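Beneath this line is the structure, given in C-alpha cells, with notes to follow.
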Amino acid sequence: MAVSPSSSAQQARQALADRLTELCRDAGLSGQDIADRCGWSRSKSSRIMNARTPPSVDDVRAWAQACGAEDQAADLVASLRAAEGMWTGWRRMERAGLKHAQESRRPLFERTHRFRAYSSWFVPGLLQTHGYTEAVLRAVQRRRVEVDDVAEAVAVRMERQRVLHEGGRRFAFLVEEPVLRNGIGGTEVQRGQLEHLRTVSTLPSVSLGVVPTSATRRRMPVEGFWIFDASQVNVELVSGYLTLTQPSEVATYADTFAELADMAVYGGPARALISSAINQL
C-alpha cells in the first residue's frame, strides 16, 4: 500500500475546486465571469475550477466575493489550509532547522494515548538512543538542511521520549528485521541502540514486534508510518511528510498495521533476533 502524496491531498484540492465551482454556478456566473471580476485570465479560473492549480488564500477570498458569498470565505480558506497541510515537503518543514521540525510534533505526541508505529527503514524515534538519533539527524542535515541545529533537535527528541513513561499511554512498535542491521551510526552506536531496544521492550506499556525476514512472507514491507489514536496517520516518504485524517484512510493503515503485527514476533523471540543482531556486530 504505497500512498502517493497526491492521493489524499489531491482529493482535498478537488473537493475545494468543486465547492468553488458550485459557488460560481449558484451565482449564475461562468468561469469567464469570475476571471473578469477578479482581474484574472480565463485560464487561471479554469485551472482552479479543474483543480490543476491550487488557489491562494487571496484567490479564495476574491472568488467568494465575486460570487457574493463572502460569508463562506472563512470556511473555504480553512478547507484550503487543510488540503495544504496534508502534504509537506521536507524542505518546507525543515527550512527553519531540524529543532523546529521536532518541536512542531510535540503537541501531537502529548495529546495521543495510543501510539502505533511501523518502520522498515530505522528504529522509531521514541525508541532511539541519543547516539542513534544524532546519527540519523546528522545524515538528514547533511543531505537537505542548511541550518545546523542537530544538537538542539536531538535534545528535543530525547525530551519527547518522556511520554513512554507517563501513565495512561500504550505503545505498539513494529520494525522490519533489517532495521536491526542497518548500521546507522557505526558499530558502537548500533550496539547501544540494540541493547536499548531489548530493555525498552520490557516496559509494561510497550509492545515491540520484529517482522522476521522471510522468503514466504504474506505482506511486503511498506513505507514507515505512525498512527496516533484512531484520528491521524503520519507517513514519512522520501520527498516529504503526509498527514491523513480521513477515517477511511486511517482505517486502511490500521488494517495494514494489524496484518504486519500478525507476522511479527514478540517478547523472547523478538529479543532473540535483537541479540543475534548484536552478536553479528
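Things worth noting here:
- Test: residue in the range 200-216 that is part of a helix (DSSP H, G or I), out of contact with any His (no Cβ under 6 Å at 6 or more places or on another chain) and at pLDDT 95 or above: yes
- Complete set of residues in the range 227-256 that are among the aliphatic types (A, V, I, L, M) and either outside any loop (DSSP other than H, G, I, E, B) or at pLDDT below 90 (or both): ILE227, VAL233, VAL235, LEU237, VAL238, LEU242, LEU244, VAL250, ALA251, ALA254
- Pairing each residue of the range 102-131 that is assigned by TED's automatic domain parsing to the domain that holds MET263 with any residue that is of a type in the set (Gly, Ala, Ser) and outside any loop (DSSP other than H, G, I, E, B), provided the two are 6+ apart or on different chains, yields C-beta distances under 6 Å for GLN102/ALA153; ARG116/ALA172; PRO124/ALA117; THR129/GLY192; GLY131/GLY192.
- Residue check for VAL136: over 25 Å from GLU249 (Cβ atoms), surrounded by 16 or more Cβ atoms within 10 Å (Cβ to Cβ) and touching a His at 6+ places or on another chain (Cβ under 9 Å): no
This table checks each residue for (1) of a type in the set (Ser, Thr, Tyr); (2) in contact (Cβ under 8 Å) with a residue 12 or more places away in the chain; (3) surrounded by 20 or more Cβ atoms within 10 Å (Cβ to Cβ).
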position	(1), (2), (3)
CYS67	no, yes, yes
GLU70	no, no, no
SER79	yes, yes, no
MET93	no, yes, no
ALA96	no, yes, no
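- Residue within the range 154-165 that is touching a strand residue (DSSP E or B) at 6+ places or on another chain (Cβ under 7 Å) and either in the same structural domain as LEU208 (by TED's automatic domain parsing) or outside any helix (DSSP H, G or I) (or both) present: yes
- Once the range 258-268 is narrowed to residues that are within 11 Å of LEU208 (Cα to Cα) and in contact (Cβ under 8 Å) with a residue 24 or more places away in the chain, the residue that is surrounded by the most Cβ atoms within 10 Å (Cβ to Cβ) is ALA264.
- Residue within the range 66-82 that is at pLDDT below 85 and under 18 Å from the mean Cα position of the chain (by Cα) present: yes
- Search result, residues across the range 103-146 that are modelled with pLDDT of 95 or more, hydroxyl-bearing (Ser, Thr, Tyr) and out of contact with any Gly (no Cβ under 8 Å at 6 or more places or on another chain): THR112
The values are calculated or read from the model by the stated rules, or taken from the named source; none is laboratory data. Nothing here was measured: the structure is a model prediction, and the numbers come from that model. Because the Cβ atoms are built from the backbone with ideal geometry, glycine has one as well, and the counts that use them run over all protein chains shown.
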